[in-house]
Every structure is written in structure tokens, then in C-alpha cells.
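Worksheet for the structure shown next.
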Amino acid sequence: MSRMAQIYQKSESFMVVTVQQDACLRFGHSTLPAYSMKVFALPYLIAPITNLRSTILIQAAIQEILHISPSRGVILYIPIAEENMATNNTTMMGEIARLERETHGQETGVLKSLSRTMSRRMKSTSSQSRPLSVATTSSWTVESDSQEAKRDMPTGSEGTNASKEGSAARSGRASRRLHQFISRRVPETFEGPSND
């Protein structure tokens, strides 16, 4: 049982093993020892790569412990839906829902702490610098973008004479704008939540 727990990286309390020793199992005409194993698990634990890894590890353990060759064993992987597996007065679906509620409560506490830390940091830096812009992509309008683009474009003869100079200046302005945009929105460093 402890080997199965190691293979599936779960606690032994999650493992249930049934051994039926009086069963008669024959592979062809041979009377050598053999085994048939069924692994019932939640669907996320049953997948092609996982099954291959588990098969190798399970059959190696059986060969080491019982001295039965992997060629003399069969392993069936059977997924059981969360609502169809129950223990301790609850289905796995109910247990998963309970754990998600607990985890959500803990995450909310972490998020509140992070929010409080960032708020304090913003207040302390706001007195030293100009206010931050809170523009988002949803607050941008197509009209304002197109008007800004028209403003940056040269008209008539200016375009031919100043095209080389203008493109260099525009790319310089664009990179400055991008740098300003990023520097206003990205904090210098992130420090974890404080303990106060």
C-alpha cells in the first residue's frame, strides 16, 4: 500500500487495496503466478502518460515484492467520476467543493493583504511623483486613437520633405510614450505582504 501511495504521490489514507488470493488466473497454458489489478481513481489521475508511468512503477514493485514478471500481469485503469466515489459520509464531489470553498477563503485573505500592501505603496509614492493614470484598453476610444494618429501625420509637402526626419522623431516619441506608459503602471519592485 505504501508503494501505491508513493506511485500516486498521495497519502496512504487515500489508498484502498483489495487482495483476492484464491482467484485462478491463467495466461495461456502456463501455470506460473500471474496477477490482475484494477486501479479505480478520479478521472484526473487516469491519463495515457500517467498510466504508462504508473504501470512501469507498479509492475516493478510487484516484480520486486512478489517476483512475478510484468509480462504475467494485467493492470486496468478505471476512472470513477467524483459524484460516484464516496467515503466518510460525502462524495468526492462534495469534498472537492468543500476544499475549494476553504481555499477561496484563504486566497481572498492573501489578495486583501496584497491589495493593502500595494495601496500603502501607492500612497507613499504618490506624494513624491505625479498621479498615476488608470487608463485601460476598455477606456480607450477608437476616435481618440485615430485623432492622435492624424495629428502625428504630416500634411502635403511637409510629408515629402520631413518624412525621414518625421519617422525618426515619431519613433522616438513612440518609444518615450511607451516607456512612460510602462513606468507609470509597473511598480519598481514587488515586496511580499507585510506583517502589520
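FYI, it's all coordinate maths here, none of it is from the lab. Small disclaimer: the values here were computed from a predicted structure and weren't measured. When we count neighbours, we look across all protein chains shown, and the Cβ atoms used for this are built from the backbone with ideal geometry, even at glycine.
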Next item on the list: Return the pairs, sorted by first residue and then second, in which the second residue is exposed (fewer than 13 other Cβ atoms within 10 Å of the Cβ) and assigned to a helix (DSSP H, G or I), the first residue lies in region 68-95 and is hydrophobic (A, V, I, L, M, F, W, C), the beta carbons are less than 9 Å apart, and the residues are 6+ apart or on different chains.
Entry: Ile80/Pro43; Ala81/Pro43; Met92/Glu83; Met92/Asn84; Met93/Glu83; Met93/Asn84
Checklist line | Selected residue (criterion: surrounded by the fewest Cβ atoms within 10 Å (Cβ to Cβ)) from residues of region 1-39 that are of a type in the set (Gly, Ala, Ser) and part of a strand (DSSP E or B) | finding: Ser30
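So for region 40-48 (the condition being over 26 Å from Leu99 (Cβ atoms) and either exposed (fewer than 12 other Cβ atoms within 10 Å of the Cβ) or among the small types (Gly, Ala, Ser) (or both)), does at least one residue qualify? Outline the logic, then answer.
If we filter region 40-48 for residues that are over 26 Å from Leu99 (Cβ atoms), which is where we start, we get 48.
After this cut, where a residue has to be either exposed (fewer than 12 other Cβ atoms within 10 Å of the Cβ) or among the small types (Gly, Ala, Ser) (or both) as well, the list is 48.
Yes: region 40-48 contains one or more residues that are over 26 Å from Leu99 (Cβ atoms) and either exposed (fewer than 12 other Cβ atoms within 10 Å of the Cβ) or among the small types (Gly, Ala, Ser) (or both).
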